[in-house]
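To start, the structure itself, in structure tokens.
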Amino acid sequence: MENKPIVTCAGDQGLFTSLYTSLAQQLPREPMEWRRTYGRAPKMIHLEANFVQFKEELLPKEGNKALLTFPFLHIYWTDCCDTEAYKSTVKEDMMRWQNSLRTHGSADWVIIVVETNDTKKKNKTNILPRSSIVDKIRSDFCNKQNDRCVVLSDPLKDSSRSQESWNSLLLKLRTLLLMSFTKNLGRFEDDMRTLREKRTQPGWSFCEYFMVQEELAFVFEMLQQFEDALVQYDELDALFTQYVLNFGAGDTANWLGSFCAPVRSWSGLLLRRPIDMEKRDGIQRGEASLLDLRSYLFSRQCTLLIFLQRPWEVTQRALELLHNCVQELRLLEVSVLEGALDCWVFLSCLEVLHRIEGCCDQAQLAANCSHTVGLWAYATDKLKSLGELCGLVSEKGPTSEDLNRTVDLLAGLGDERPETGESCWLVLRTPALSINDFKKELSHAAMEMYRAIGRLRSARLVGKSLAEFYMRKGDRERAETFLQEALKSYVSEGWSLPVTHTRKQIAECQKLLGRTEDYLQTSALLAGDVNLTTEERKHFCQEILTFFSFSSSTANKVTLSMGVFAQLTRLQFHPATASVHSGAILQVELTLRCLMPVSVHIQQVAASIHFDVDHGGTHGRSKGAQRQTNPGTVEFIQGNSSAGPPSSSAAGPSLELDEIQDRSPSDNSLNSTGVVCKNTHLIMRRHDSNSPPDTPNCVSPPTVAMKEGAQMLKVQDVKLEPGNNSIIFTAPSGQPGTYTLRQLCATVGQVQFVLPHIYPSVQYEVYSQEPQLTVEPLSEPLLAGLPQMVKFTLLTGHYAVKKGDALQLSNTDTMPILPSTSCTARTSNPAAGCVLSIQSSDKVTSISLPPTPPYHTLEFQLEVLCIIPSGSDRPANERLTNGEVRHRPRSYSHPDTPMTAIDQRMSIDCPWSIYSTLLALTFYIPFKTKHSLLSAGNRKYIQVCVQNVSDVNFTLAEVKLTEKQHASLELQSLNTKEQQLLCSKHSVFCLWEVRWKDDLPSCLQCVFSANFSPLNQDVSAFKPFHYQFQLERVTTLYSVRAEILPPAGEQHCRSGFLCGLEVCITRLTEPAEGEMAEESKTDTDGLKTTKLMYEVADSSSNWAVCGKSSGMVSMPMTANATHKVQIEVMPLFAGHLPFPKIKVLKYLPHTAAVAIQPDPDSCVENDSLSLLDKTLDDQGDTASIRSRGSVHSVGSGDQQQKGVAMPRLEPFSPGQVFNHSHARQVLVLPATDDHIMEVNAT
Amino acid sequence: MAVCIAVIAKENYPLYIRSVPTQNELKFHYTVHTSLDVVEEKISAVGKSLGDQRELYLGLLYPTEDYKMFRKLHNSFTDVMCNPFHNPGDTIQSKAFDGIVSGMMVQTG
């Protein structure tokens, strides 16, 4: 029966019946706008009505709030057109009708007067104006409401007039109906609100209120206002929920007590019927349980939602409802039989799903499975727990206790009802097998759906529970697939606890399946899992260890990944360079972090080595040193293998880049350069689904297989304690080359744990070394001239020094090896040193070496003496004994030290090579020696200056100067001391007077010799020191004498007044032979003369030379020939003024040979050699010559251009000209006495 | 009522996870992990919708009858991330954060 608003009909029933059909049809045809109270939006509404005959009982009694049965409109029908009839009967009837309405307070009525032509015709006699009856009725009943009386004309005729009147009638009816709705519903709502506000009062009952508000909902539903109806139920829902929550917070309402009663029925939701009257009655009676109320409420909501075409909201709300109910029951502390709720939830889920399936087609369902999948999963979950509860899934079958529980649960389901979902209803009643199948199907369905909507994690969780189910059923292979899939996702996302749990399940599964290798692998992982208790870990560890015992019959070994068992954390080389010579001991220390909970005895730890023959390795030490890129300690960074954040693995290993340079083989020029990635094999690895990098369960045996046959590092019988362990290997170092550690393998019984790649790669290098001999000074610097100790170091390399092997040193004159009585050699062996025997012949010194094993160091010291080269004598190159050209030690000045350095080369023949080894030693000469010739008139003196430039203090003794050629010459020493202290950085000057009998040779070849020794050493330590030098043109040729003559009449010169300078040049000797030829020319008169140039120069500006300052003198080449020159000079200052300088130079006519004058400039530059000018500044001197318009031009450009044709000036050698007035002074008086002296004092 | 608080990295591994009834820890881990499905769905939905109407509250993540889950404690998390010594991506080991989480659990539980 469909509810429609009730409209009562009074009056002429026959008339109404004739019109009923068209009325009922036409009323809902046009929508009406319904304006609502409380600001609700207006709605367009199609009105329908249930027309019933008016009875007084229909009118609601006072206090009856039922709305469904409420007549919203009362209609009085009449077709009376006769005034009499109206007055007699109709009016009365109407009056009665009106009265009864009024007594019940109903103001919603309308009187319809039907007019037909027939009636008009029939009653022609009593015709009144048509309006009159209507007017009468209006005046009688509708005193102010004229619209309460409506005329319907010719209703059964098909005319426009009839249609018009129908339309106006329908409009009127609709308007009135809506008015009535608004009024009555508004009143009802107000009452309802009032009732709701009373909810804090003690006697208030939710059930009563529920009924009231539901009435409103019914009306809205009746009016097809489902949205509004749903709102009513939602409000009720919210109100109830709030009360339950308040209860939880301690605010109890009395009426809630009825809902706290123990749950007796758990038959699930019932959604087939629009209104579950059974439950509604229960609510009305206040006997409903919480589940009943919730079920009823939801069934109503569901009905409305389906009306509203929103089935997916049903599923969503259903899930919330089910969760909510469970929580509410818990909150209200309602006692529920164990499993009852599971039953209720399970059945409810299926009911909802069923209901939804009923109203949607398959395609819609599939497209919206995201809405239903939650329910599927929930149902699965509940069924699972039910199955467990009732013992249906255990392999032994249910126990009696389980059966009792099942019976109890079934009792709560109530009677079997055919309209409930058949399959699900049967489920709980069927035996274990079918429930399992059902559950399986359910799980698969849920899983598929989760997959379809992309909720993979949810799908895996369902899969996991399915796996548990399969495990119980004994279908372990299927179980393992599901578990592995789940595990993969947990591992890849780094959820350690689920990983551990799932892995444990897998372990169980694998054990039962007999997959030994996988099981051991998993066990190893679990044994190292910190999430497990120590006992569990020990258990799994034991599983591995005992595997040996029960599988010893089978010969096959099981290979597992090392990462689960132990982690290689560090690798250290001893020595740290990781580079040794062949045959030496190299130790490799591994630090293994054992993940096992107990100490594990390992039969063998082995590391396989890849060997590369290194051809460059034999070239010696230097090459080995270059390539020490591998540090002694390699740290291995471990990603957490089993659990923890996979950040490291997610990010992947970092790139390891290296520079490569491609050089052309011919000329070593760079062809190309680039960057290579060294670990592409790690980075470019495929991240495919079946072997994620960090899932050790998936390690396939071929990849971890140990490569046999390669060189191995092995250690037997190691005990690995939990945590870090240090294992020391002795690495093979036989052949030179590069050894790369590739794999690591630990053997425990039949189980091998293999680390397939040691990464980053670890290498060590074995090199072969050539013997090397080096010589270095024992103390720096080596001083020439003194015996010095030098250290010979022999690195034997691969060569073993045999008995009788000797080093052959070629002797040289410049650096003899001093024989020493005891010379010991030290080897790097701790054994004591042994005495070396040294035998010297004139050519060769032979040092016989003690037997020394390879790769040892042999050290010995020899005393050598480097003879200081005494001068500039350079004998021709001579050949050494071995035929090599002897390299003369060449002295040079070293930038780091003021001492002059001499490189001494030694040539040594070694027994291991056919080639001689050339070694160089650098010696330093401790002295710098200078000599000079001093003159006093004709007398000559030789001064030698010895400067000690070393850091050592010396004693100088037996200082001697000898002349080689002239025996008649006597060198008289003016040195008083026998021995002289020569401190570091100090000088000693020695002086000799040269005496000769008849003639002084122009050239002297002198040898200065002295003995020296470091300070405080005895006489025997004195070593000779020689210094050769040559003096040329020693004889004094000219003497120059200058006089200053005061002005006439004055006794002294006065400043500013001219005075005379008289220069007197006297020839002292007869010309020597060479001189004659060289520079003289014969005048026409046969007199030999030579030309001299004199020059007066005063660099200190004391004097002004007036007139000619220089001039040419032609000197006769005879003794005592004298030339006087008068020059006017003027003193510029008063005081004792030094004489102006007077220079005498040789003037060479242009014919004279150029050969004497190698450098055109040197005549001026070498002025400094002149005795006269020693203190003068060269440049200043030159400038003065220029400024005074000297006869010769010193413009270098001029001279060079003119070349040899120019006459030249040549200075005399020191000692050839003696200046008597050198450094003389003359008193010059001031010009006047009234000088003002300015004194400034500050 | 907070029984379990988890902070998940964007790569879906747990940065921090703690639950109050420790005996049920495993279940919570499973639950939180599974709820990532919904988180992923919601986050990708945000990306599709207009502009940045970022709803930080993710709503019901996992249908469970036992607990409702929600997300909060963003401020504390921000503090942790601002720690210069914290390397984003590492698991959270901050005492302060732990304290705040404990507080949230105690006051309701």
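Just so it is clear, none of the values below were taken in a lab; they were calculated from the coordinates. Here the structure is a predicted model, which means the values were calculated and not measured. All Cβ positions, glycine included, derive from the backbone under ideal geometry; neighbour counts span all protein chains shown.
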### Message
Order A:344-351, A:712-719 from most to least packed using the mean count of other Cβ atoms within 10 Å.
### Response
A:344-351, A:712-719
## Note on the structure
The ³J(HN,Hα) series, computed from each phi in the range A:135-150 with the Karplus coefficients 6.51, -1.76 and 1.60 at θ = phi - 60°, rounded to the nearest Hz and given as x for glycine or proline, is 4, 4, 4, 4, 6, 6, 10, 9, 5, 10, 10, 4, 6, 7, 10, 10
#### Entry: Amide proton proximity set for A:Leu1209, modelled H, under 5 Å, gap of 5+
A:Leu1148
### Summary
Sorted by chain and then number, the residues having a modelled amide H within less than 5 Å of the amide H of A:Leu1229, at least 5 places away or on another chain, are A:Cys1053, A:Arg1054, A:Ser1055, A:Gly1135
### Task
Please sort A:7-13, A:658-664 by packing, taking for each peptide the average over its residues of neighbouring beta carbons within 10 angstrom, highest first.
A:7-13, A:658-664
### Message
How shielded is A:150-156 by partner chains, expressed as the average number of their Cβ atoms within 10 Å of its Cβ atoms?
### Response
0
### Summary
Nearest-0.05 FRET efficiency for A:Glu517 and A:Ser599 at R0 = 25 Å, using Cβ-Cβ distance, is 0.55
### Neighbouring partner chain Cβ atoms per residue of A:457-463, average, 10 Å criterion
5
### Query
Gain in length, A:Met211 to A:Asp93, computed as 0.36 nm per residue apart minus the alpha-carbon separation, to one decimal in nm?
38.8 nm
### Task
Counting other Cβ atoms within 10 Å, keep those with at most 12, restrict to DSSP loop, and tell me which GluC sites (Glu not before Pro) in the range A:12-120 are left.
A:Glu62
### Task
Give the relative contact order (percent, whole number) for the range A:483-550; include only Cα pairs under 8 Å separated by 6+ residues.
24 percent
### Query
Under the definition of Cα pairs under 8 Å and six or more residues apart, what whole-number percent is the relative contact order of the range A:761-817?
34 percent
### Task
Just add up the charged neighbours of A:Glu859: K/R +1, D/E -1, any other residue whose Cβ is under 12 Å from the Cβ of A:Glu859.
+1
### Relative contact order %, the range A:206-454, counting alpha carbon pairs below 8 Å whose residues are six or more apart
20 percent
### Task
Using the number of other C-beta atoms within 10 angstrom as an exposure proxy, rank A:Thr252, A:Thr303, A:Thr1069 with the fewest first.
A:Thr252, A:Thr1069, A:Thr303
### Message
Only counting other Cβ atoms within 10 Å, I'd like A:Leu291, A:Leu969, A:Leu956 sorted with the fewest neighbours first.
### Response
A:Leu969, A:Leu956, A:Leu291
### Task
Using only Cα atoms, figure out Rg for the range A:483-550 and give it as a multiple of 2.2 N^0.38 Å.
1.07
### Task
For B:Tyr16, enumerate residues with amide H under 5 Å from its amide H, sequence gap 5+ or separate chain, H modeled in the peptide plane.
B:Val7, B:Ile92
### Message
Just want the ordering: A:Cys343, A:Cys260, A:Cys910, from fewest to most Cβ atoms lying within 10 Å of their own Cβ.
### Response
A:Cys260, A:Cys910, A:Cys343
### Task
Just subtract the alpha-carbon distance of A:Lys964 and A:Gln364 from 0.36 nm times their residue separation and send over the number in nm, one decimal.
202.8 nm
#### Entry: Cβ-Cβ FRET estimate between A:Ser400 and A:Arg570, R0 fixed at 56 Å, reported to 0.05
0.35
### Extension reserve of the A:Glu535-A:Val1019 stretch, reckoned as 0.36 nm per residue once the Cα distance is removed
165.2 nm
### Message
Using a Förster radius of 56 Å, what is the FRET efficiency between A:Arg29 and A:Thr252 based on their Cβ-Cβ separation? Nearest 0.05, please.
### Response
0.55
### Summary
Of A:141-147, A:454-460, ordering from highest average Cβ density within 10 Å down gives A:454-460, A:141-147
### Query
What list of ³J(HN,Hα) values in whole Hz, one per residue of the range A:528-535 in order, does the Karplus curve 6.51 cos²θ - 1.76 cosθ + 1.60 (θ = phi - 60°) give from phi, with Gly and Pro shown as x?
x, 8, 6, 6, 8, 6, 4, 4
### Task
Provide the per-residue ³J(HN,Hα) series for the range A:307-319, in order, calculated from phi with Karplus coefficients 6.51, -1.76, 1.60 and θ = phi - 60°, each as a whole number of Hz, with x at glycine and proline positions.
4, 7, 6, 10, x, 6, 5, 4, 5, 5, 5, 4, 4
